[in-house]
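Undergrad: This is the structure, below, for whatever I ask next.
The values are calculated or read from the model by the stated rules, or taken from the named source; none is laboratory data. Here the structure is a predicted model, which is why all the values come from computation and not from measurement. Virtual Cβ from ideal backbone geometry, glycine too; neighbours counted across all protein chains shown.
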Amino acid sequence: MSTILEVKNLTIKFGGLVAVDDFNLDLEKGELVAVIGPNGAGKTTIFNMLTGIYRPTTGTIKLEGEDMVGLKPYQFAQRGITRTFQNIRLFANASVADNVKMAATMHAKDSLLQSFLRTPKMVENERELDEKVMDLLRRLNMADKADLLAKNLPYGDQRRLEIARALMTDPKILLLDEPVAGMITTELEEMAQLVVKIRKDFNVSIIMIEHHMNFVMPIADRIKVLDFGKTIAEGVPEVVQKDPKVIEAYLGGALNGNA
């Protein structure tokens with residue numbers, strides 16, 4: 001494997017508060033890394049820096065060698081880093097297919113004139129886009145829901161749809177922000193299987209924030225543990241799980257399903 005993302009000494013301050021302090025991560029192609037920690041540990045703040053929402057106070061973010069600090073969120077997405085959110089953000093009154101299709105506007109091929117004139121090329125591009133949307137939905141077992149409104153989907157399928165929309169941008173790195181938040185036990189297993197499938201079938205690297213340790217432990221290659229903005233432990237799941245600092249800060253509650 002080769003390194004696709006290099007994050008060095010990433011720090012961000014809000015006034016006198018250091019929200020994230022000296023975060024480092026080398027992400028390999030095809031790797032799945034989980035970032036865990038108590039509420040307020042700085043996990044989502046890291047995601048916001050890795051997608052251009054926040055600009056770090058110090059540190060570097062390099063995607064395949066390109067310095068990303070200072071780019072806009074849409075430029076992060078164009079270059080291959082996309083994300084889901086802890087709170088689901090769908091177009092509630094649009095269909096499942098249209099929600100996915102909207103993500104493709106980032107790579108739109110048609111000019112304003114082509115759209116206005118409905119040229120043969122535009123019609124062909126639309127047909128190819130529809131085929132790509134349906135192929136993606138089939139791969140995620142959602143093709144039968146293509147015409148449903150997003151707001152009418154069960155909660156678990158809404159999570160799945162948000163991931164489908166992120167995948168429509170053809171990402172190199174997929175950031176999942178608490179993908180199983182609010183799910184019941186059976187849904188956790190289904191989502192774990194989905195994440196494993198996505199990683200393999202889409203050849204994408206994944207960074208995941210999560211609280212459910214029973215979800216994270218079997219599927220993550222490595223785990224990084226944050227507490228008050230600092231990394232207190234990292235390594236393979238079996239080692240991290242037994243680290244005394246981790247147990248004290250977080251895992252004691254999470255392993256009992258309380259975090």
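Undergrad: Does residue 58 fit the bill of being at pLDDT 95 or above and exposed (fewer than 14 other Cβ atoms within 10 Å of the Cβ)?
TA: Judged against the criteria, residue 58 is a match.
Undergrad: Could you check how many residues of segment 88-112 are closer than 16 Å to residue 160 by Cβ, assigned to a loop (DSSP other than H, G, I, E, B) and at pLDDT below 90?
TA: 2
Undergrad: State whether one or more residues within segment 49-67 are within 21 Å of residue 234 (Cβ to Cβ) and part of a helix (DSSP H, G or I).
TA: Yes, because at least one residue in segment 49-67 is within 21 Å of residue 234 (Cβ to Cβ) and part of a helix (DSSP H, G or I).
Undergrad: Hey, could you check segment 9-42 for residues that are charged (D, E, K, R) and more than 16 Å from residue 81 (Cβ to Cβ) and say which is surrounded by the most Cβ atoms within 10 Å (Cβ to Cβ)?
TA: 21
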